[in-house]
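The structure appears right after this line, and notes come after that.
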Amino acid sequence: MSGAPGQELVRFDRVTLTFPGVNGRPAIEVIRQLDFRIETGEFVAIIGPSGCGKSTLLSLLAGYLPPSSGRVLFRGKPIAGPARERMMVFQQPALFPWLTTAGNVAYGLKLKANRGNGRNVQSTVDALLHLVQLDGFAHHYPSDLSGGMRQRLEIARALAVDPQVLLMDEPLAALDALTRRRMQGEVLHIWEKTRKTILFVTHDIDEAVIMADRVIVMAQRPTSILEIEEVRLPRPRRREDPELAGIVRRLSALLE
Amino acid sequence: MRPLVLRWPSFRLIERAALPRWALRLVGPLTVLLGWELGARFGLINTLLLPPPSAAFADLGVLISGGYLGKALYASLFRVVCGFALAVVVGALLGLAMARIRLVDDFFDPIVELLRPISPLALFPLAILWFGIGDGSKIFVIALAACFPVILNTFAGARSIDANLIRAARSLGASEFEIFKGIVLPASLPHIFTGIRLAWGISLIVIIAAEMVGATVGMGYMVLEAQQTFRTERVFAGIFVIGAIGFVTDLGFRRLRRWLLPWYRETQD
């Protein structure tokens, strides 16, 4: 089970990541001495200037990269590699183009490792497509879908294997402004319905403050934490809320 | 999406003649045939060297009714299909293995690159010594010549897979075998298919040449024999048939791809 809300789910323990220098070029320190924790059920946003290593941080959590030193702990245990408890949602949706919408969602459920968990594939797929409002598109291919629909499909595919945390790497960055606003609402809706822990990387301060319980502000590379902002505003939040605007202004000033 | 086509007013008039696209596409070849026929009829060209198309078609009728064409066609197509099938199976497996396993790539890549520039026909005399004058030697050179485009395209396809697709599958819990079967293979299929189409074209080219060098039956042999007995109309009859086969089969391949890979969107074709 995912554990009770408030329990520690993720912990970065003095994590440093250095890419070795190739062909005599100097090594690049991407992340330096990073320390933070995320609790079960939290919606955490990470903001920072582009190229500050936010995506790399998610790769560490997904298990695609090991840290150079320090530990990345998930439920108290060091992360050894990719696992379905930690699902990534990529910026450019990495959907399987040869599978239909339903096929993409069902893919994870049909893998040997996930079979026999008592869940019916068809009804799970139907429920998830309904959750992300793609019912009626079950037999379409990803290439037939719009950008926002593809992003929602990717979320549904990740949710199919019942992860404990969703790692979202600037999932809305490629969308136009209007679709982006609508998708922010959709992601919050999905979060409220599923109560998954969400780690949401973005470079849009407004987006971070509107969506997250906590905003982690990163400094320029090598990544370290400038500030952690608890957003204690009631939901649903309104863009026009002066208190919200105040937080955004303060964080902007911090990043400049 | 429709390709952008410049529209001149006069062209629009022709398009408005309400001919379907396929009929419009017949206009070019038919014009050439008509000009050629008229040129021959009015004595503008030496019909001994360039007989009118009507004579070639008449001879085609003779070849068909005499059963000679059927025999030649069967012999050639049998060799082509065997050599081509071998090339596709070996080429696709080797291409996939080379793309995903470093050791296999290091072993086979130099061999492939050394053999590739050699004309398959340069090896044909050797093939006759090894496999005889019959089907074996032709199947060998076709398989050899046709496997390269399959290897190279499969390799390119399996190498160009978006790394995030594989990461996503791994996070979802896929085993290495499941990733190969469920991600690498389907993601490579469009490229493999391109390789297959090229391989088929090469097979058709190689078989005619090989049969002209050494064979006792087949389309290449038929055309060469007609040339040696100075029956130019038969030479052209053979050439028409070869061209028609290539045209029809490529159409078939495109249909097959649309049916097998309905998700694949080609940007240009």
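Only the coordinates and a few stated rules stand behind these numbers; no lab work does. All figures in this text were calculated on a predicted structure; none of them were measured in a lab. All Cβ positions, glycine included, derive from the backbone under ideal geometry; neighbour counts span all protein chains shown.
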Q) Looking at B:PHE84, B:PHE131, B:SER171, which one has the Cα that reaches farthest to the positive end of the dipole of region B:74-220 (charges on Cβ: Lys, Arg +1; Asp, Glu -1)? A) B:SER171
Q. So how strong a dipole does region B:124-269 carry about its Cα centre when Lys and Arg Cβ are +1 and Asp and Glu Cβ are -1, to the nearest 20 debye?
A. 380 debye
Q: On a C-alpha basis, how far is the centre of region A:5-38 from the centre of region B:81-156 in Å? Whole number, if you could?
A: 48 Å
Q: Can you tell me the dipole magnitude for region A:95-162 around its Cα centre, using point charges on the Cβ only (Lys, Arg +1; Asp, Glu -1), in Debye to the nearest 20?
A: 260 debye
Q: Determine which lysines satisfy two conditions relative to A:LYS77: a Cα distance under 28 Å, and not lying fewer than 8 residues away in the same chain.
A: A:LYS54, A:LYS110, A:LYS112, A:LYS193, A:LYS196
Q) Taking the Cα centre of each part, how many Å lie between region A:140-191 and region B:174-238? A) 46 Å
Q.
If you fit an axis through the alpha-carbon atoms of helix B:68-100 and take the longest principal axis of the Cα set of chain B, what angle between them do you get, 0 to 90°, nearest 10?
A. 20 degrees
**Q.** Relative contact order (%) - chain A, alpha-carbon pairs under 8 angstrom, separation at least six
**A.** 26 percent
Q) Based on Cβ point charges of +1 for Lys and Arg and -1 for Asp and Glu, what charge dipole magnitude is obtained for the protein assembly as shown about its Cα centre, in debye rounded to the nearest 20? A) 540 debye
**Q.** DSSP-defined antiparallel bridges as percent of all bridges, the protein assembly as shown, nearest 5
**A.** 55 percent
Q.
Taking 8 Å as the Cα distance limit and 6 or more residues as the minimum spacing, I'd like the relative contact order of region B:150-260 as a percentage.
A. 22 percent
Q: Report the one residue of B:VAL32, B:PRO20, B:ILE208 whose Cα lies farthest in the direction of the positive end of the charge dipole of chain B (charges on C-beta: Lys and Arg +1, Asp and Glu -1; origin at the Cα centre).
A: B:PRO20
Q. Under a point spin-label approximation (7 Å from Cα along Cα-to-Cβ), what is the A:LEU178-B:ILE111 distance to one decimal in nm?
A. 5.9 nm
**Q.** Helix-only mean residue ellipticity at 222 nm for chain B, each DSSP H run of n ≥ 4 adding -39500 (n - 2.57), per residue, nearest 500
**A.** -25500 deg cm²/dmol
Q. To the nearest 500 deg cm²/dmol, what mean residue ellipticity at 222 nm is calculated for chain A from DSSP H runs of n ≥ 4 alone, each contributing -39,500 (n - 2.57), summed and divided by the residues?
A. -10000 deg cm²/dmol
Q.
Cβ neighbours within 10 Å, averaged per peptide: list A:194-202, B:38-46 in order, most packed at the top.
A. A:194-202, B:38-46
Q) Over region A:95-162, what is the relative contact order in whole percent, taking alpha-carbon pairs under 8 Å and six or more residues apart? A) 50 percent
**Q.** Rg [Å, one decimal], Dmax [Å, integer] - chain B, C-alpha atoms
**A.** 23.2, 76
Q | Farthest positive-ward along the protein assembly as shown dipole, Cα basis, beta-carbon charges - from A:GLY148, A:ALA127, B:VAL241 | A | A:ALA127
**Q.** Candidate lysines for bridging to B:LYS71, where Cα separation is under 25 Å - those fewer than 8 sequence places away on the same chain excluded
**A.** B:LYS138
Q | Long-range amide H partners of A:ILE28 with built H, under 5 Å | A | A:PHE19, A:GLY21
